Amino acid sequence: MHPNPSFRQAPEAHTLDLIRDRSFGTLAVNAEGGPLLSHIPFLLSSDAQTADLHLVRSNPILRLGETEAVIAVQGPDGYVSPDWYKVPDQVPTWNYVAAHIRGRLMQLPQEVMRDMLDRQSASFEDRLTGKAPWTTAKMTPEVLDRMMRQIVPCRLHVTAIEATWKLNQNKPDAVRLRAAEAIGAGHGVELATLAQMMREG
């Protein structure tokens with residue numbers, strides 16, 4: 001997380017909304033040979049105390065057993081040219097929003113995998129329009145059982161959630177707003193969303 005406290009003052013509700021909207025992140029753990037990473041969808045519980053996820057059975061993270069872990073969630077990001085500020089003596093930077101979910105990762109009993117898969121797919125299918133939701137009931141039972149044996153349910157017991165909302169809050173309002181107007185034509189991901197976040201400060 002960015003050390004500047006001005007980038008770490010977003011309301012907790014904004015961070016939880018970002019995490020739930022994304023529901024996808026990079027799971028990171030320490031291992032003897034170096035860090036292990038896995039890119040995973042997950043479900044954050046309503047009280048933000050747990051995050052449910054699954055890993056393919058061959059994932060080396062599972063061999064660690066119960067372990068400390070972090071899920072990094074990336075929001076919009078983009079390069080900021082100092083020319084956009086229209087004030088002297090500025091340097092390039094990168095604006096971004098990101099959250100880290102820290103906790104203890106543990107494997108769950110295999111029999112909960114079906115419920116987790118149903119909850120996860122329902123959460124994502126409900127966001128789609130123009131189609132009936134996909135459910136596991138559409139699967140041939142034997143095929144579904146075979147596929148579920150290849151994935152392992154896990155739960156992160158959350159101990160901390162941290163976030164950086166780096167949106168030029170350290171600049172005067174007029175300077176920040178000029179950068180927000182220009183960033184949409186720049187380089188990054190979800191620049192229109194990032195520009196709106198910058199305008200809201």
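The values are calculated or read from the model by the stated rules, or taken from the named source; none is laboratory data. For clarity, every value in this text was computed on a predicted model and none was experimentally measured. Counting neighbours? That spans all protein chains shown, and the Cβs are built from the backbone with ideal geometry, glycine included.
Got a sec? Which of SER6, SER38 is part of a helix (DSSP H, G or I), touching a residue at least 12 places away in the same chain (Cβ under 8 Å) and of a type in the set (S, T, N, Q)?
Details: SER38 fails: part of a helix (DSSP H, G or I).
Criteria check complete, one pass: SER6.
Applying the criterion of at least 2 residues that are in contact (Cβ under 8 Å) with a residue 60 or more places away in the chain, within 30 Å of LYS171 (Cβ to Cβ) and not hydroxyl-bearing (Ser, Thr, Tyr) to the strands (runs of 3 or more DSSP E) found wholly in the stretch 48-131 leaves 67-80, 93-107.
When we screen VAL158, VAL152, VAL175 for residues that are closer than 17 Å to ASP83 by Cα and of a type in the set (Val, Ile, Thr), the only hit is VAL175.
Residues in the stretch 35-45: is at least one closer than 30 Å to HIS187 by Cβ, of a type in the set (Phe, Trp, Tyr) and under 19 Å from the mean Cα position of the chain (by Cα)? Yes, the stretch 35-45 contains at least one residue that is closer than 30 Å to HIS187 by Cβ, of a type in the set (Phe, Trp, Tyr) and under 19 Å from the mean Cα position of the chain (by Cα). Filtered by the rule that a residue be surrounded by fewer than 16 Cβ atoms within 10 Å (Cβ to Cβ) and touching a Leu at 6+ places or on another chain (Cβ under 6 Å), the stretch 32-47 gives no residues.
Looking at ASP89, ASP21, ASP17, just one residue is of a type in the set (Asp, Glu), at pLDDT below 95, closer than 25 Å to ALA180 by Cβ and out of contact with any Ser or Thr (no Cβ under 8 Å at 6 or more places or on another chain), and that residue is ASP89.
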